[in-house]
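What follows is a short report on a single structure.
The values are calculated or read from the model by the stated rules, or taken from the named source; none is laboratory data. Keep in mind the model is a prediction, meaning the values are calculated, not measured. Here the Cβ is made from the backbone with ideal geometry for all residues, glycine too, and neighbour counts use every protein chain on show.
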Amino acid sequence: MRSFVHAAPRFILGALVLFAIGVMLCGVFLRYVMLPITDWLDVDPFNFFWVEEVGELTLTWLTMIGAAIGVAERSHFTLNILVHRLPPAWRHGVHVFNHLLIAAFGGLVAWICFKLAMLNFPLTSPALELSLGLFYISATVGGILMVLYALDSARHPEQPEHTFADVRE
């Protein structure tokens, strides 16, 4: 189950990136190739305003799932000024405390965005008439994943593969 919870968001993220690229390419094609052709032929142009809405929705899902994956891979920003000088037991305590803070933040994001999603589900977008709650559900899913990944990282205090001393110019 742990491997599925780690693998599924990565697969979804990759699919979303490919989907976003395809949607943006379609938008560019419709705007800069098909629009002049329909003007020249004097026919009704294609409606390509949906591209912006789909792109924004895809970007919100990419951002929130990507942030959760960043927590899972421990690629979030850390500043090791004092911690590396502490005894190992204290370093472990700081590690656990940091990941519990990350989990609390993810839980807060998930809870607030869930409430916002419920509030905004009746509202729809102008072009596709999609529920605006879908934007906030992405933050809810991302927050829940952050909680799961942060709690897992707090339980498994593996050290990163590098230290601050490894960074060279």
Task: Hits in segment 121-136 - residues which are assigned to a loop (DSSP other than H, G, I, E, B), among the small types (Gly, Ala, Ser) and surrounded by 15 or more Cβ atoms within 10 Å (Cβ to Cβ) - done: SER125
Open item on the list: For segment 1-23, give me each residue that is more than 13 Å from the chain's Cα centre (by Cα), surrounded by 15 or more Cβ atoms within 10 Å (Cβ to Cβ) and at pLDDT 90 or above.
Closed with: PHE19, ALA20, VAL23
Task: Matching residues, segment 54-84, being modelled with pLDDT under 90 and either over 19 Å from PHE11 (Cα atoms) or of a type in the set (Phe, Trp, Tyr) (or both) - done: HIS76, PHE77, THR78, LEU79, ASN80, ILE81, LEU82, VAL83, HIS84
Open item on the list: I'd like to know if segment 35-49 contains one or more residues that are assigned to a helix (DSSP H, G or I), free of Cβ contacts under 8 Å to residues at least 60 places away in the same chain and either of a type in the set (Lys, Arg) or touching a Leu at 6+ places or on another chain (Cβ under 7 Å) (or both).
Closed with: no
Open item on the list: If I filter segment 81-90 for residues that are over 29 Å from VAL51 (Cβ atoms), in contact with a Lys or Arg (Cβ under 7 Å, 6 or more places away or on another chain) and assigned to a helix (DSSP H, G or I), do I get at least one hit?
Closed with: yes
Open item on the list: Any residue at all in segment 90-98 that's surrounded by 14 or more Cβ atoms within 10 Å (Cβ to Cβ) and basic (Lys, Arg)?
Closed with: yes
